[in-house]
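Chemist: Below you will find the structure I want to go over with you.
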Amino acid sequence: MWKIFGKTLAVSHLSMLPFLCLMVYLFLKIIWSLNISKSAQYIGLSLLLLHPYILTQSTLISYDIVQIPFFLLILLGILKSRNTFILIGFWGLSACSIRGQMIAVTCLALYSILEYRNLKKNIFIIFFAVIPFIAWHLYHLHITGWMISTPSSTWQGQRDIANFSQIIKNTIGILRTYIDYGAIALTLLFLISITYVQKESLSSNQLKILLTVVAIDLVLSSSIILFSNPVGHRYFMIIHVGILLFVISIWDKIQWKKSLYTFTIICFISGHFWLYPYPLSNGWDVSLKYISYEKNRAEFWAYIQEQSISPENIGSGFPLFCSLQQTNLIEGMRLTDMTESKYFNLEYIAYSPVCNDMKNIIVDYADSQQYKMIKSFGKGKTAIILYQKTESDN
């Protein structure tokens, strides 16, 4: 898209449209195959489009969104025993990220188990899926000298093996992804749907969807929980999509459907207003409250350019320290990463509650009178505050 239309932010957003359209189409293809009522189909589609994680990520340049249609293509292949769908979905997921590769391998392994009687017939799909997968990793190793995990010191803190306290923290983080920002309603619907499983036998497609969701959840959770990398809500969006499909497959049997649907819609909408106080972190990329932050960020950058303040002389944290080149694809330098202790003598500090890893720094420096506030952009949890070193310290 950049080669054809130019490297701009607008083109980048437009490049997401084919994947978003494919996501909706494949979601519809699956629910059409579930033998459910028209009303259940409409409800399923509306909940997909209103899910706060998916809606928010759809407004960003997100490879996590790109993964969803490829996952749905694999799932459709599993439901209909279509090897071509599984092969294309496997390649697409594997091209997105390591997490995508884990999900792809899990789905392929599950398909092999479900179709074990036809394993000889399906052996070619395993061969043509896995061989390019292995070849790419070997090529990557040859070019970069590493596989799976980068040795870069920048990411070292997120690639270490988790200790006991981090494992507990990661476990809580994973559980949060199923209740945060209105997602608790979908989890409730899933638990209600499970109660109906005990009463009536599942169809073949319902069982396959449930097994796929459980398998991916087990693999992702067990891998994420063992590393120091912070748990992101978007990591589990594919599981949320699978859960939604299973819920919709049971929907016609559920009692109090209208009340549950209304409750879920209210929860999904309310999710864009959930905020956690210090010291809890917020998932800023899974609710639309980030939009007000973007407005404040634009005003902040306009101000420092107008005042001729060098970005290198401003300490900040992620994501505020990102340059206009990184966020808007226009020329600009990034702010200095203040989370590295050697930069504590900078003249300015730029802080926002959006910067989850800066809270202690603000308490230690700005609130201790070493810095004074000179300008605030916006209000509340998405505000950006610019501090300057006091004259006595200059």
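Chemist: For segment 290-393, what relative contact order do you get, as a whole percent, if you take Cα pairs closer than 8 Å and at least 6 residues apart?
Modeler: That works out to 28 percent.
Chemist: Here's another thing I want to ask about it. Go ahead and estimate [θ] at 222 nm for the chain from helices alone: -39,500 (n - 2.57) per DSSP H run with n ≥ 4, summed, over the residue count, rounded to 500.
Modeler: When only DSSP H runs of four or more count, the value is -17500 deg cm²/dmol.
Chemist: What does the charge count around residue 182 come to, taking other residues whose C-beta lies under 14 Å from its C-beta (Lys +1, Arg +1, Asp -1, Glu -1)?
Modeler: Residues near residue 182 contribute +1 overall.
Chemist: Using only the alpha-carbon atoms of the chain as identical scatterers, what base-10 log of I(q)/I(0) does the Debye formula give at q = 0.08, 0.14 Å⁻¹?
Modeler: One equal scatterer on each Cα of the chain leads to -0.50, -1.34.
Chemist: For segment 1-40 and segment 89-116, write down the distance between their C-alpha centroids in whole Å.
Modeler: 20 Å
Chemist: Please state the equivalent ellipsoid semi-axes for segment 290-393: what are the square roots of 5 times the Cα gyration tensor eigenvalues, largest first, in whole Å?
Modeler: 20, 15, 13
Chemist: So, one more: Which angle between 0 and 90 degrees, to the nearest 10, do you get for helix 17-32 versus the longest principal axis of the chain when only C-alpha atoms count?
Modeler: The angle comes out at about 30 degrees.
Chemist: Among 208/257; 3/80; 3/295; 7/295, which pairs are too far apart, with a Cα-Cα distance over 27 Å?
Modeler: Those over the limit are 3/80; 3/295.
Chemist: Find the percent of Cα-Cα distances in segment 239-341 that exceed 18 Å, and round it to a whole number.
Modeler: Looking at segment 239-341, the distances longer than 18 Å represent 65 percent of pairs.
Chemist: If you average 1/r across every pair of different Cα atoms in segment 1-96 and take the reciprocal, what Kirkwood value do you get, in Å?
Modeler: Hydrodynamic radius (Kirkwood, Cα pairs) of segment 1-96 is 14.4 Å.
Chemist: With the contact rule set at Cα under 8 Å and sequence spacing of 6 or more, what percent relative contact order holds for the chain?
Modeler: 16 percent
Chemist: Which percent, to the nearest 5, of DSSP beta bridges fully inside the chain are antiparallel?
Modeler: About 75 percent, rounded to the nearest 5.
Chemist: Still on this structure, I have one more. Sorted from largest down, what three extents in whole angstroms do the Cα atoms of segment 41-120 have along their principal axes?
Modeler: That gives 43, 31, 16 Å along the principal axes, largest extent first.
Laboratory data are not the source of any read-out in this text; all were calculated from the coordinates shown. A quick note: this is a predicted structure, and the numbers were derived from the prediction, not measured. Here Cβ is always computed from backbone atoms with ideal geometry, including for glycine, and neighbour counts include all displayed protein chains.
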